[in-house]
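Only one structure is covered here, and it is reproduced in the block below.
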Amino acid sequence: MAAPFRSLVEDYPRYLKSFELFLERSSEHQCMQDFIHNTLPDILASIGGGRSVFNVMGVGSGAGEIDLEMLAQLHLKHPHVKVDNEVVEPSNDMLYKYKVRVSTAPDLDHINFEWNKMTASEFEKHWQQKIPGKKMDFIHMIQMLYYVTDPEATVSFFRSLLHKDGKLLIILVSGESGWGKLWTTFKKQLCNTEISQCVTTGDIKTFLDTEGIPYRNYELLSQMDITECFTEGDQVGELLLDFLTEVIEFSKNAPEDLKKGVLDLLRHPDCSKEVNGRIIFNNNLGVLVVEP
């Protein structure tokens with residue numbers, strides 16, 4: 001059954017507002033930065049095969065904050081290498097913010113930025129026509145596989161672009177997180193059928209295991225304060241609920257039984273814990289480092 005709601009991604013200003021609130025309320029960027037500083041350097045050490053120019057690609061790069069952190073770690077590991085960096089991002093707003101960030105950041109002279117304002121599937125067609133033989137040393141897809149129609153095909157295509165010592169980095173919510181529980185329970189009611197909003201690293205691992213594709217798996221501990229979700233009419237709570245369900249104005253548009261079911265589950269120990277009177281949601285992320 002198709003979901004009867006309008007997806008939050010259809011209302012970009014509201015999506016952006018709820019996303020910024022999510023970042024403010026969660027430890028998402030902090031746990032990613034910990035991974036980038038503590039674990040990623042050893043992964044990056046093994047790429048490049050001694051070449052003088054590395055080909056790097058960010059798919060769904062957003063405003064570039066996490067991209068630039070990873071590129072800085074790459075430079076520390078390979079200080080004499082130049083980088084060709086393909087940025088794939090469909091949002092004008094995000095690309096503009098990324099370009100501003102690049103223009104004001106120091107020490108990026110060794111990087112050539114190629115800007116591709118397009119979705120992953122548009123980029124796939126573009127790439128096959130433009131430079132089908134070019135191989136990549138490092139590709140990252142951070143929190144973007146929710147927005148494609150076929151996550152497995154998307155992973156397969158970008159993996160096919162890797163050099164023999166290249167790496168594909170995927171970050172999504174963990175199958176063991178509160179998101180995983182929410183989506184497993186209410187997939188039929190909440191998940192958009194056009195795009196795979198309910199995908200977790202658990203789904204991608206199942207696909208990789210079935211195909212016999214080698215990968216490494218990491219769990220990143222993260223949490224989000226969702227206390228206001230349980231106060232009727234609270235604006236912060238309503239925006240957070242929209243973000244959690246990916247539905248525009250969920251609390252106004254959802255039938256009472258669905259709303260009650262979602263709120264009960266969000267409060268359940270499978271999804272959240274209570275700390276000093278606050279409801280803290282399990283926002284754990286999974287990282288997959290996929291081999292060629």
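The values are calculated or read from the model by the stated rules, or taken from the named source; none is laboratory data. Source: prediction; values computed, not measured. In this analysis, Cβ positions are derived from the backbone assuming ideal geometry, glycine residues included, and neighbour counts consider all displayed protein chains. These area figures cover heavy atoms from the full protein model, side chains too; ligands, DNA and RNA do not enter into them. Shrake-Rupley method; radii C 1.70, N 1.55, O 1.52, S 1.80 Å.
How large is the direction-averaged shadow of the alpha-carbon convex hull of region 8-290, in nm²? Provide the component values of the computation, followed by the final result.
Working: hull surface 60.3 nm².
Its Cα hull, projected and averaged over all orientations, spans 15.1 nm².
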Answer in debye to the nearest 20: the dipole magnitude of region 8-290 about its Cα centre, from +1 Lys/Arg and -1 Asp/Glu charges placed on Cβ, is 780
Can you list the lysines whose alpha carbon is less than 22 Å from that of Lys97, not counting same-chain residues fewer than 8 positions off?
Lys17, Lys117
Among Lys125/Lys188; Lys167/Lys273; Lys82/Lys125; Lys125/Lys164, the pairs whose Cα-Cα distance exceeds 29 Å are Lys125/Lys188; Lys167/Lys273
Here the cysteines of the chain lacking a cysteine partner under 4.7 Å (Cβ to Cβ) are Cys31, Cys229, Cys271
Carbon plus sulfur, as percent of the 1.4 Å-probe accessible area of the chain, comes to 51
With 0.36 nm assigned to each residue of separation and the Cα-Cα distance removed, Trp115 to Glu249 gains 44.9 nm
Toward the positive end of the charge dipole of the chain, about the Cα centre and with charges on Cβ (Lys, Arg +1; Asp, Glu -1), which of Gln129, Trp179, Ser103 goes farthest?
Gln129
Per residue accessible area in Å² of the chain, where ligands, DNA and RNA are left out and the probe is 1.4 Å
46
Rounded to the angstrom and largest first, Cα extents along the principal axes for region 164-291 equal 54, 36, 21
Where is the GNM fluctuation largest for the chain (alpha-carbon springs, 10 angstrom cutoff): Gly277, Gly58, Gly49?
Gly277
What distance in nm separates the two pseudo spin-label positions at Glu219 and Asp165, each 7 Å out from Cα along the beta-carbon direction?
3.3
Between Glu291 and Glu122, what length in nm is gained on full extension when 0.36 nm per residue of separation is reduced by their alpha carbon distance?
58.4 nm
Percent relative contact order for region 81-193, counting Cα pairs under 8 Å at least six residues apart, stands at 22
